Each structure stands twice: as C-alpha cells, then as structure tokens.
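The values are calculated or read from the model by the stated rules, or taken from the named source; none is laboratory data. Note that this is a predicted model, so its numbers are computed, not measured. Because the Cβ atoms are built from the backbone with ideal geometry, glycine has one as well, and the counts that use them run over all protein chains shown. Heads up: the accessible areas ignore ligands, DNA and RNA and are worked out on the full protein's heavy atoms, side chains in. Shrake-Rupley method; radii C 1.70, N 1.55, O 1.52, S 1.80 Å.
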Amino acid sequence: MSKKIAVIYKTKYGSTKKYAGWIALKLDADLYEISDIRSKHLDEYETIIFGGGIYKGKINGLNFIDQNYNKIKDKNIYIFSVGMESISENRKESLIKNNFKNIEEKNVGFYNFKGGLDYSSLSFIDKIMMKALKSMIDKKTKSDLTEDDKVVLRGFEEKIDLTDKKSIKELIDKISVYKSANDN
C-alpha cells in the first residue's frame, strides 16, 4: 500500500484552504480542493486528511468523506474543522454526532482550528446569520460575554484572522509519528 497522504478541503472564505496548504506542505502531501478529487482517487492514499469550515453546526463538505467511508475506513483518516468558536469537549461531541453519519468516530482523528471573519465579504445569507448571532450576543450583559463573543462582535467592525500555523502541530505530530513507525 502506498504511503501517500491526501489533504482534501472545502473552503468558503479561505481559512480552511490556508490550513490545508500548511498541512500539505509539512507532510509533503497531495493537496486537493474537494471539487478536484473523485472517489476513485482515494485508493491511491494511505492517509486521508479532510478539512472544512463549520457552518450552522455542519462541517462543510464532510459528506464526501461520509459517502466514501466504506471505501476508506481501513485508511488513516483525520478530519479538521475551522471556525470562530473555541471547541469544548461537549461541542466536539456535538459536532461529531451531527456530522459523522457513516464515519466511525473511533477510527478518525478530529481537530479544530480557529478561522477568520470578514463581515464585509460574507454572502448575503451568511450576513443574515451573523446578524442573528450578533443580536443574541447583544442580549448578554458585558460580564457574560465570552472571548468568542467578543471576537464575533469585533468582526463586525474589522477583519479578524485567528488562523495560526502553530495550531496544526498536534495533527502533524500524530501523522508523523504514525509515518515513522510504519516506514521502518
């Protein structure tokens, strides 16, 4: 079996693409935007890494992995999400439950990275959703605001970029350890 790695991503505003590129460079992996890869290509890889942004509680594009899970379930699978919020263990469990239909959680590494927000570049629908979120946040007292709430509110005033190349270290280390153990 090949030792090749595929990094597949679906991005809406660019943060997921940025992380996918960093991961692919670090691991010398093939990089695919989801529209550029077909199910048959997955056979070529031992490790599949998928990334997508979080929108309305769903990981953008993850249905591609879900639909092909039976074909790739014996491969090393890692999934990363990108969003503006900090992911607690409860939120992580909720994301997994709401997104992993055919995917068996025990066979997948799951990571979350911080993204960005540029309100002026959002689609009409995303602006409406962000305004709804803002109105919920605005109802909180100042002392009840979380750091995530404060970032979202700042995002209405200025472009926010929370992407951080260092945050991929745990994922890279996990895959590198696996590769090293199996290269011998």
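3J(HN,Hα) along segment 31-43: 10, 9, 6, 3, 6, 9, 10, 10, 3, 5, 5, 5, 4 Hz, from the Karplus curve 6.51 cos²θ - 1.76 cosθ + 1.60 with θ = phi - 60°, whole Hz, x for Gly and Pro. Checking the Cα-Cα distances for K106/K134; K97/K169; K40/K114; K4/K165; K12/K139 against a 27 Å cut-off, the pairs over it are K106/K134; K40/K114; K12/K139.
Helix 89-99 and the long axis of the chain differ in direction by around 70°, with both axes built from C-alpha atoms. Checking every one of the trypsin sites (Lys or Arg not before Pro) in segment 58-91 against DSSP loop status and a limit of 14 other Cβ atoms within 10 Å picks out K73. Peptide packing: for 61-70, 93-102, 42-51, the average count of neighbouring Cβ atoms within 10 Å per residue gives the ranking 42-51, 61-70, 93-102, highest mean first. Take segment 45-148 with all the other protein chains still there, run a 1.4 Å probe, and you get 53 Å² of accessible area per residue. Distant-in-sequence amide contacts of F50, defined by a placed amide H-H separation under 5 Å and a gap of 5 or more residues or a different chain, comprise I8, Y78, I79, F80. The computed Cα extents along the principal axes in Å for the structure shown corresponds, within [x] 52, 42, 34; [y] 56, 29, 29; [z] 56, 37, 24, to [y].
Among M136, L153, N90, whose Cα sits farthest toward the positive end of the charge dipole of the chain (+1 at Cβ of Lys/Arg, -1 at Cβ of Asp/Glu, about the Cα centre)? Selected residue: M136. The residues Y55, Y19, sorted by heavy-atom accessible surface at 1.4 Å with ligands and nucleic acids left out, run Y55, Y19 from largest to smallest. 3J(HN,Hα) along segment 8-25: 10, 9, 10, 10, 10, 10, x, 5, 5, 4, 4, 5, 4, x, 4, 5, 4, 4 Hz, from the Karplus curve 6.51 cos²θ - 1.76 cosθ + 1.60 with θ = phi - 60°, whole Hz, x for Gly and Pro. Amide H contacts for D118 (H built 1.01 Å from N in the peptide plane; partners 5 or more residues away or on another chain; cut-off under 5 Å): I160.
For E170, the accessible area of its heavy atoms, probed at 1.4 Å with every protein chain present, is near 130 square angstrom. Charges were assigned to the Cβ only: +1 to each Lys and Arg, -1 to each Asp and Glu. The resulting dipole of segment 60-184 about its Cα centre is roughly 140 debye. Which of rounded, prolate or oblate describes segment 118-160 when judged by the alpha-carbon gyration tensor and an a/c cut-off of 1.5? It is oblate, given that a/c is not under 1.5 and a/b is not larger than b/c. Here the relative contact order of the chain, from alpha carbon pairs under 8 Å that lie six or more residues apart, stands at 21 percent.
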